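Undergrad: Starting off with a structure, shown below.
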Protein chains: 2
Amino acid sequence: MDKQIALERKVLSENDRIAADVRAQLQDRGIVALNLVSSPGSGKTSLLERTLAALNDELRIGLVAGDVQTENDADRLLKAGGKMVRPIVTNGACHLDAKMIARVLPDFNLDNLDLLFIENVGNLVCPSSFDLGEDMKVVLISTTEGDDKPLKYPSMFRRSSMMIVNKLDLLGTSDFKLGRVTENARQINHDLQIFELSCRTGDGLEAWFDWVRETVAEKRGVLA
Amino acid sequence: MDKQIALERKVLSENDRIAADVRAQLQDRGIVALNLVSSPGSGKTSLLERTLAALNDELRIGLVAGDVQTENDADRLLKAGGKMVRPIVTNGACHLDAKMIARVLPDFNLDNLDLLFIENVGNLVCPSSFDLGEDMKVVLISTTEGDDKPLKYPSMFRRSSMMIVNKLDLLGTSDFKLGRVTENARQINHDLQIFELSCRTGDGLEAWFDWVRETVAEKRGVLA
């Protein structure tokens, strides 16, 4: 397996090189790029639908929707008012890589963009290893999953800067405890910023919207 | 990337060779082996807890609990009465492979086993490519995920022989429709057997238990 490990390293180092180039293009223009990662069904697309509904008139938002197969998520984002949506169908690959992002980047008018959301393939393992040139990874977890997920999939929580706990409205339908998921997540990553919300009821969404607004404004400020 | 594809093929063909050996060992003794696959949080461990509670006195059940990190699932299965439980911590790997199974198989007294459950890593993509020597893959999906998952992760649904729709009790809390998930799943795999149940309320579990009983009895019959 040494040959495999060597090849994996080579693939990752090539990925890092391309990711650095993507990052430079985005940074130059003060674009905030967020890489959304989670299990399938945690609510990445729902969060983006809600975010578009709230911020589409204020901010110039680009969206990349990655999926193993189908363009369903991209279609949902278009319906939700997304003006710049680009699907990536990985055809079996379990994660997005920087090369895929580099390939679609020219489709966006980067001079006309404040914010780029990259919705990764639903997978709590593999996408953690691939830098896409983003400012940060945002990991979603829903209250219908187990609250020990941060311990069971530590790499993803370690490499994310933010955890969003979704489906607050379903709290109480299982043994999932907010205190416990927070404790488990902070055990893996002490600096993890945490939002708790429900894309269904809207509970907690304002704080997330405010954070997005501030993060975009801050980046513009740095650049000005 | 040709080198990578060639190496992937080699890894998979080595996996198939080991899986065939595992399968032969299990078939020789008439042991039914089920490979449980799903997103993180769909309820694989909960289903096994319930199955142990119902069938532990009737059948001799072995359990392999695969996780990226922690032995939480194995601990839960032991608490649920599991007599032969073996954790596999993959240390970052996104799936179980046949070599991992071959390595733990000697820990089981195979002459004293009717049924082997293999709980795979929570991941709807990568485990689909790896034969573990099982009789069939059983894919779980919960009603809190999207009902388009079979279309978005087709390989897993194509390679599974059964789909279990879990968390029936949470039906109605989202747009998930049973008719739609069935239709989508059958579009990918016409022969997919489908169970709908709730590990929380117990609804639908009897049919699953009966199926397990019959499958074990049938295999013994063939062997006798």
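Undergrad: Exactly one of these conditions fails for residue A:74: (1) within 14 Å of another protein chain (Cβ to nearest Cβ); (2) in contact with a Lys or Arg (Cβ under 6 Å, 6 or more places away or on another chain). Give me its number.
TA: (2)
Per-residue answers, yes or no, for (1) in contact (Cβ under 8 Å) with a residue 12 or more places away in the chain; (2) touching a helix residue (DSSP H, G or I) at 6+ places or on another chain (Cβ under 7 Å); (3) closer than 21 Å to residue B:141 by Cβ:
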residue	(1), (2), (3)
A:33	yes, yes, no
A:37	yes, yes, yes
A:46	yes, no, yes
A:63	yes, yes, no
A:77	yes, yes, no
A:80	yes, yes, no
A:84	yes, no, no
A:88	yes, yes, no
A:92	yes, yes, yes
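Undergrad: Taking residue B:91, is it closer than 24 Å to residue A:148 by Cα, part of a loop (DSSP other than H, G, I, E, B), within 17 Å of the chain's Cα centre (by Cα) and not hydrophobic (A, V, I, L, M, F, W, C)?
TA: No, not satisfied.
Undergrad: If you don't mind, there's one more thing I want to ask. Suppose the filter is within 30 Å of residue B:17 (Cβ to Cβ) and surrounded by fewer than 19 Cβ atoms within 10 Å (Cβ to Cβ); does residue B:210 pass it?
TA: no
Undergrad: Here is a follow-up. Given the structure, is residue B:162 under 25 Å from residue A:76 (Cβ atoms), in contact with a helix residue (DSSP H, G or I) (Cβ under 9 Å, 6 or more places away or on another chain) and outside any loop (DSSP other than H, G, I, E, B)?
TA: It is false that residue B:162 is under 25 Å from residue A:76 (Cβ atoms), in contact with a helix residue (DSSP H, G or I) (Cβ under 9 Å, 6 or more places away or on another chain) and outside any loop (DSSP other than H, G, I, E, B).
Undergrad: Just give me the residues in the stretch A:199-211 being touching a Ser or Thr at 6+ places or on another chain (Cβ under 9 Å), of a type outside the set (Gly, Ala, Ser) and either outside any helix (DSSP H, G or I) or over 11 Å from residue A:50 (Cβ atoms) (or both), in sequence order.
TA: A:199, A:200, listed by residue number.
Undergrad: Looking at (1) part of a helix (DSSP H, G or I); (2) more than 12 Å from chain A (Cβ to nearest Cβ); (3) crowded, with 23+ Cβ neighbours inside 10 Å; (4) not small (Gly, Ala, Ser), which is the only condition residue B:116 fails?
TA: Every condition holds for residue B:116 apart from (1).
Undergrad: Looking for whichever is in a loop (DSSP other than H, G, I, E, B), touching a residue at least 60 places away in the same chain (Cβ under 8 Å), acidic (Asp, Glu) and closer than 16 Å to residue B:70 by Cβ here; the options are A:145, A:134. Which one fits?
TA: So the residue among A:145, A:134 that is in a loop (DSSP other than H, G, I, E, B), touching a residue at least 60 places away in the same chain (Cβ under 8 Å), acidic (Asp, Glu) and closer than 16 Å to residue B:70 by Cβ is A:145.
Undergrad: Please state which of the following conditions residue B:203 fails to meet, knowing it meets all the rest: (1) in contact with an Asp or Glu (Cβ under 8 Å, 6 or more places away or on another chain); (2) within 11 Å of chain A (Cβ to nearest Cβ); (3) over 16 Å from residue B:148 (Cα atoms).
TA: So residue B:203 meets the others, but not (2).
Undergrad: Let me ask something additional. Just to be sure I understand, how many residues within the stretch B:51-67 are within 26 Å of residue B:158 (Cα to Cα) and part of a helix (DSSP H, G or I)?
TA: Residues that pass the stated criteria total 1.
Undergrad: Quick one: in the stretch A:124-135, of everything that is closer than 18 Å to residue A:32 by Cβ and out of contact with any strand residue (DSSP E or B) (no Cβ under 6 Å at 6 or more places or on another chain), which residue is nearest to the other protein chains (Cβ to nearest Cβ)?
TA: A:131
Undergrad: Quick one: residue B:35 ticks every box in (1) assigned to a strand (DSSP E or B); (2) over 24 Å from residue B:156 (Cβ atoms) bar one, so which box is it?
TA: Unmet condition: (2).
Undergrad: Out of B:121, B:138, B:89, I need the residue that is within 12 Å of another protein chain (Cβ to nearest Cβ), within 14 Å of residue B:35 (Cβ to Cβ) and of a type in the set (Val, Ile, Thr). Which one?
TA: None of the others qualify; the one that does is B:121.
Undergrad: Tell me yes or no: at least one residue of the stretch B:34-41 is buried (at least 18 other Cβ atoms within 10 Å of the Cβ) and either more than 30 Å from residue A:147 (Cβ to Cβ) or among the charged types (D, E, K, R) (or both).
TA: Checked against the condition, which is being buried (at least 18 other Cβ atoms within 10 Å of the Cβ) and either more than 30 Å from residue A:147 (Cβ to Cβ) or among the charged types (D, E, K, R) (or both), the stretch B:34-41 yields no hits at all.
Undergrad: Which one of the conditions (1) over 19 Å from the mean Cα position of the chain (by Cα); (2) modelled with pLDDT of 95 or more does residue A:159 fail to meet, given that it meets all the rest?
TA: (1)
Undergrad: Here are the criteria: (1) over 27 Å from residue B:66 (Cα atoms); (2) of a type in the set (Asp, Glu); (3) part of a loop (DSSP other than H, G, I, E, B). Tell me which single one residue A:111 does not satisfy.
TA: (3)
Undergrad: Do we have any residue at all in the stretch B:188-202 that's over 26 Å from residue B:114 (Cβ atoms), over 19 Å from the mean Cα position of the chain (by Cα) and either buried (at least 19 other Cβ atoms within 10 Å of the Cβ) or of a type outside the set (Phe, Trp, Tyr) (or both)?
TA: yes
Undergrad: Filtering the stretch B:141-172 down to residues that are under 14 Å from residue B:46 (Cβ atoms) and buried (at least 24 other Cβ atoms within 10 Å of the Cβ), which residue is farthest from the other protein chains (Cβ to nearest Cβ)?
TA: Filtering first and then ranking leaves B:164.
Undergrad: Give just the number: which of (1) outside any helix (DSSP H, G or I); (2) crowded, with 21+ Cβ neighbours inside 10 Å; (3) of a type in the set (A, V, I, L, M, F, W, C) does residue A:185 not satisfy?
TA: That leaves (1) as the condition not met.
Undergrad: Which one is nearest to the other protein chains (Cβ to nearest Cβ), of the residues in the stretch B:1-43 that are among the charged types (D, E, K, R) and under 18 Å from the mean Cα position of the chain (by Cα)?
TA: Among them, the one singled out is B:16.
The values are calculated or read from the model by the stated rules, or taken from the named source; none is laboratory data. All values derive from a computational prediction rather than experimental measurement. Positions of Cβ are generated from backbone atoms using ideal geometry, with glycine treated the same way; all protein chains shown enter the neighbour counts.
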